[in-house]
Amino acid sequence: MSLRDFCYCYLGWLGIPLANLFKSIEKDLDVSFIQIHPEVYFSIIGLASIIGLVIGGGIAAGFSWLIHLPIQMMPPLVFIGAIGGAIAPIGVGILYPKMMASNRLDSLKVEIPYASMFISVMTSGGLSPFDSFMRLNKMDMLPEIKKEVNRIETIIYSTGSDPLSALELAAREVDVKEYKELLLGYALSVRTGGDTLHYLFSQTHSMFNSLASRIKSVADNMGLIMEAYIILSVLGVLGIFLIFVIGLALPQSGMNISSSTFFLFSFIIMPAMSGLFIFVGDTGQINYPVSDWRPYYVLFGVFPFVLGFMSQAVLPFFRPQLLYVPFIRDLIISIRIMAGFAEGAEPAIGLSLSLILLSIPVAILDFMSSSSNSGLQSGVITFLRDLVESRKSGLSPEKCINALCQRDYKQFTEHLQNINLKIKLGYPIKTIYEEMKEDIKDWHVRLNIYLLIDSMEIGGGSEESLEALAEFAETTQRLEKEKRSVLLPLVIVPYIGALILAGTLVMFLSFFSNSAGMGISVPITELYKTLLTPISLHVFNLGLVTGKISTGRVSAGFKHSILMVLVSLVAVWMIAQIGGGPIFG
């Protein structure tokens, strides 16, 4: 008996009334492509709710025991914990399909212009629009469109509907304007005897124009997100830091923050806030179905080693009993002495060095990957345009490829020569694509090559289909360039924020370190350890957020993180020299 069967058999009494109460969940499950009946779904949620009831009550009871709560106050607290534990899974169960449906609709909005591009290219090669649409079922680069094609096939085979009726029914199930216009417009064009190919081309151009407008809107939204993050990360951090220092120097002021609260804010709350802004930036951007995960694999590989180094480069300066590798501690002290930092800056140096060591391999691989992808995109677009011009001379697509493979198409040249060689050896054209796609991580390049190979397989690579492919490929390239250009200015603001943060903090520290004659006594060495250490982590996170918001990739933020950590250290040096502060010997 499966989990679904077990839950519906024994907890159906809970799932059925919940399904009747939240009737909109059925549509959310359908749109999000979670293939389960609402009553069965809520039966599983009921099991999670019962488990949450037990766990919530147990946690509340354990907490009451730990804080020595009076016995008469334990039952209400346990009751509240149990009720909270039971309600939480139900709330999550209601919101989860809605979130999944929203994410899927956003993905559909990105994929639909490219699906329309595929249908237009295939139709210009002689395939019918409906068969072109059904052919998307074999294409793994548009996963959400592929699910919709499966839905249409299910409608046709399960209800016996004709293809046009199935398209109209499927379009009404998904609340995406572009998707409805594409399917319903095509069905209407066929029913009225219109020019379907002209309709598909005009609709595709319209979708790409809408995508260009959306890119501009995304840039505006990312600008607002970046401004909000800079305000919170710079002004908020400065405010907390200054309150902590004032409370330490002037206890009578009443502005006291304990060291444990300060460290909680610096090392837990602020990194969590940075993670939240990365998540918000991800949800607000245009994300493509295929991503390059190689930089993150490198990150996960080097992280344990850097974590071990960090534990000996930072923690022993706060807790000497945690020292296990004296060489690393002595190395940090030597760097501090040679650089001229005063005593107390060691953990900040150790953390900065650790974060830089963590970032360097990821930044290098991301740079290499992005440079390669950029060269591939440019090379493929140029090749497609040359292929169209060669095809107009009457040569077959295979002979055109053979004639063009000696030209320089940047990083695509090697792939083109491999394609030409395998065509000569008699490889099936689909096999050639399957073998080369693993070496190409850029989604747009994969898509263009797939369209080229599919158009050659279906329509012999007709001049019309290749012309359409080249035209749409050039359009996507312009969109990507526009996307990069509108997001690039957002990179400048975080660097200014990092300079302001580090500079203001150091000037404030310099003031208190020279305030002994004013009757203010501050343990300056401990103050340096406490305040300078989290600054390195904070500007590191600032770099990650910058990379995500400006390029859509967290991996692109590691180079910004390296620069910002260095900028913060240089700002400390410059301002201390100008101000004559004692942070340097």
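General observations
- When the residues of segment 90-133 are filtered to those that are surrounded by fewer than 23 Cβ atoms within 10 Å (Cβ to Cβ) and among the aromatic types (Phe, Trp, Tyr), the one that is modelled with the lowest pLDDT is Phe130.
- Taking helices (runs of 4 or more DSSP H) as the structural unit, those lying wholly within segment 1-102 and holding at least 2 residues that are within 28 Å of Thr283 (Cα to Cα) correspond to 25-31, 38-66.
- Of residues in segment 153-182 being in a helix (DSSP H, G or I) and in contact (Cβ under 8 Å) with a residue 40 or more places away in the chain, the one nearest to Met100 (Cα to Cα): Glu173
- One residue stands out in segment 140-161 among those that are under 18 Å from Lys437 (Cβ atoms) and of a type in the set (D, E, K, R): the one that is surrounded by the most Cβ atoms within 10 Å (Cβ to Cβ), namely Lys146.
- Residues considered: Leu188, Leu200. Of these, the only one that is without any contact (Cβ under 8 Å) to a residue 40 or more places away in the chain and of a type outside the set (S, T, N, Q) is Leu188.
- Filtering segment 453-503 to residues that are outside any helix (DSSP H, G or I) and either touching an Asp or Glu at 6+ places or on another chain (Cβ under 9 Å) or modelled with pLDDT of 80 or more (or both) leaves only Gly461.
- Of the criteria (1) among the β-branched types (Val, Ile, Thr); (2) crowded, with 22+ Cβ neighbours inside 10 Å; (3) modelled with pLDDT under 85, which one Val78 fails: (2)
- Reported count of residues in segment 333-389, each being hydrophobic (A, V, I, L, M, F, W, C), buried (at least 21 other Cβ atoms within 10 Å of the Cβ) and not in a helix (DSSP H, G or I), is 2.
- Qualifying positions in segment 130-144 - touching a residue at least 12 places away in the same chain (Cβ under 8 Å) and in a helix (DSSP H, G or I): Phe130, Ser132, Phe133, Met134, Arg135, Leu136, Asn137, Pro143, Glu144
- Residue ID - surrounded by the fewest Cβ atoms within 10 Å (Cβ to Cβ), chosen from residues in segment 204-221 that are more than 18 Å from Ile112 (Cα to Cα) and without any contact (Cβ under 8 Å) to a residue 24 or more places away in the chain: Asp220
- Positions within segment 340-362 being more than 19 Å from Phe540 (Cβ to Cβ) and within 38 Å of the chain's Cα centre (by Cα), in sequence order: Gly344
- Residue within segment 180-190 that is hydroxyl-bearing (Ser, Thr, Tyr), under 25 Å from Gly125 (Cα atoms) and modelled with pLDDT of 85 or more present: yes
- With respect to (1) closer than 28 Å to Lys430 by Cα; (2) assigned to a loop (DSSP other than H, G, I, E, B); (3) free of Cβ contacts under 8 Å to residues at least 12 places away in the same chain, the lone exception for Leu127 is condition (3).
- Residues within segment 295-330 that are buried (at least 17 other Cβ atoms within 10 Å of the Cβ) and among the polar types (S, T, N, Q), tallied: 2
- Taking first residues from segment 555-571 that are closer than 10 Å to Phe540 by Cα and partners that are acidic (Asp, Glu), the Cβ contacts under 7 Å between residues at least 6 apart in sequence or on separate chains come to Phe558/Asp366.
- Residues located in segment 136-155, provided they are in contact with an Asp or Glu (Cβ under 8 Å, 6 or more places away or on another chain) and among the β-branched types (Val, Ile, Thr): Ile145
- Residue match in segment 323-330 (condition: under 30 Å from the mean Cα position of the chain (by Cα) and not assigned by TED's automatic domain parsing to the domain that holds Val445): no
The values are calculated or read from the model by the stated rules, or taken from the named source; none is laboratory data. Please read these numbers as outputs of a predicted model, since none were measured by experiment. For neighbour counting, all protein chains shown are included, and Cβ atoms are generated from backbone atoms with ideal geometry for every residue, glycine included.
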